[in-house]
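To start, the structure itself, in structure tokens.
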Amino acid sequence: MAAAPVWSVDPRTGKQREQVAVEATAEEVDVAVRAARDAASALADRTVRAAFLRTAADLLEEAKDHLVEAADAETALGPVRLSGELARTCYQLRAFADMVDEGAFLGIVIDHPDASATPPVPDLRRYKIPLGVVAVYSASNFPFAFSVPGGDTASALAAGCPVVVKAHPDHPGTSELVASVLRRAAVRHGIPEGVLGLVHGFDAGVELVKHPLVAGAGFTGSIRGGRALFDAANARPVPIPFHGELGSLNPVVVTEAAAAERGEQIGTGLAGSMTLGVGQFCVKPGLVLAPEGAGGDRLVKSLTEAVSNTESGVLLDHRMRDDFVAGVRER
């Protein structure tokens with residue numbers, strides 16, 4: 001059976017733009033993981049690791065215009081937002097490079113020998129070593145900062161762990177472009193391209209977290225998807241760490257005094273937070289507890305008016321649109 005194609009889709013029209021890859025088979029996931037494992041020794045030198053991360057940031061900045069254009073075509077997040085996100089991503093890479101140079105993350109403890117003690121104290125040394133290959137699962141709404149070159153990838157590489165990324169279907173073309181940039185940075189420092197693998201497809205993501213050579217996973221996304229991967233990670237013969245950011249609610253409590261003093265201002269502010277990025281930021285308020293009475297009523301009225309006057313936008317994909325419309329109809 002032919003491998004399923006992976007299409008880049010324009011969220012503004014819902015139309016397919018181009019095929020950028022095919023979904024990875026279990027065998028291809030295995031190849032990517034083993035290539036990452038084989039590249040681990042090239043990350044052993046901390047000076048090389050730090051230089052790699054800084055070069056990755058430099059090359060991403062050099063390719064900024066092309067990357068932002070590609071990401072906007074797949075996400076409709078806009079050049080301004082995406083440019084800021086890419087700048088944040090490069091900052092993250094350089095920040096982790098500084099941490100690698102500084103070395104405190106190793107947690108080194110040295111107990112010197114003392115032959116005069118009773119009993120004699122031997123030379124004892126402790127320090128942290130890389131776990132191994134790390135699986136990273138990209139987020140839909142951050143094609144840079146929480147995807148292929150994002151914080152999970154940067155922190156893993158900084159720790160000396162090669163990475164295999166499961167690309168998000170909302171921006172597969174951008175993922176391929178960014179992966180190629182990071183691989184070029186790796187090669188410049190004598191690190192094999194396999195240090196950063198990239199696979200596509202839901203099944204590939206499940207195979208990845210179950211692979212015996214994968215030693216940890218980082219995930220940003222839905223509760224349902226994250227929980228499934230968490231369960232798979234814990235069902236292994238040897239469970240692995242699963243660092244997941246699964247959904248968000250972000251409750252906000254408004255006191256009676258605050259509502260009475262500035263209810264309209266709070267309502268307007270909540271509306272801005274709720275609709276930022278077309279409501280696709282995980283840090284937006286999802287539950288507001290407001291007091292009864294005149295102050296709370298003014299808050300709700302202000303919030304309602306501000307949201308009603310907000311310009312509509314384009315959601316990341318048809319699934320989000322369908323879920324949003326269904327939620328509105330239920331109410």
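The values are calculated or read from the model by the stated rules, or taken from the named source; none is laboratory data. Quick caveat, the model's predicted, so the values are computed rather than measured. Positions of Cβ are backbone-derived with ideal geometry, glycine not excepted, and every protein chain shown enters the neighbour counts.
Assorted remarks:
- The single condition among (1) outside the structural domain of L196 (by TED's automatic domain parsing); (2) β-branched (V, I, T); (3) surrounded by 11 or more Cβ atoms within 10 Å (Cβ to Cβ) that T118 does not meet is (3).
- Among residues of the stretch 1-54, those that are assigned to a strand (DSSP E or B) and buried (at least 18 other Cβ atoms within 10 Å of the Cβ), counted: 5
- A single entry from S175, S180 fulfils the requirement of being closer than 30 Å to Q16 by Cα and free of Cβ contacts under 8 Å to residues at least 24 places away in the same chain: S180.
- Where strands (runs of 3 or more DSSP E) sit wholly within the stretch 57-138, those with at least 1 residues that are of a type in the set (S, T, Y) occupy 133-137.
- R329 assigned to a helix (DSSP H, G or I), surrounded by fewer than 17 Cβ atoms within 10 Å (Cβ to Cβ) and within 28 Å of the chain's Cα centre (by Cα): no
- The set of residues in the stretch 292-322 that are surrounded by fewer than 11 Cβ atoms within 10 Å (Cβ to Cβ), of a type outside the set (S, T, Y) and assigned to a helix (DSSP H, G or I) is empty.
- Residues that are touching a residue at least 24 places away in the same chain (Cβ under 8 Å), under 27 Å from E207 (Cβ atoms) and in a loop (DSSP other than H, G, I, E, B), drawn from the stretch 239-261: I240, P241, G247
- For the stretch 245-265, the criterion of a residue being of a type in the set (A, V, I, L, M, F, W, C) and closer than 30 Å to R34 by Cα is satisfied by at least one position.
- Among residues of the stretch 177-213, those that are buried (at least 23 other Cβ atoms within 10 Å of the Cβ) and more than 21 Å from the chain's Cα centre (by Cα), counted: 1
- Contacts under 7 angstrom Cβ, first residue in the stretch 274-290 being not assigned by TED's automatic domain parsing to the domain that holds E305, partner in a loop (DSSP other than H, G, I, E, B), 6 or more apart: none
- Those residues of the stretch 262-291 which are outside any loop (DSSP other than H, G, I, E, B) and touching a helix residue (DSSP H, G or I) at 6+ places or on another chain (Cβ under 8 Å), in sequence order: G263, E264, Q265, I266, G267, T268, L270, A271, G272, M274, T275, V288
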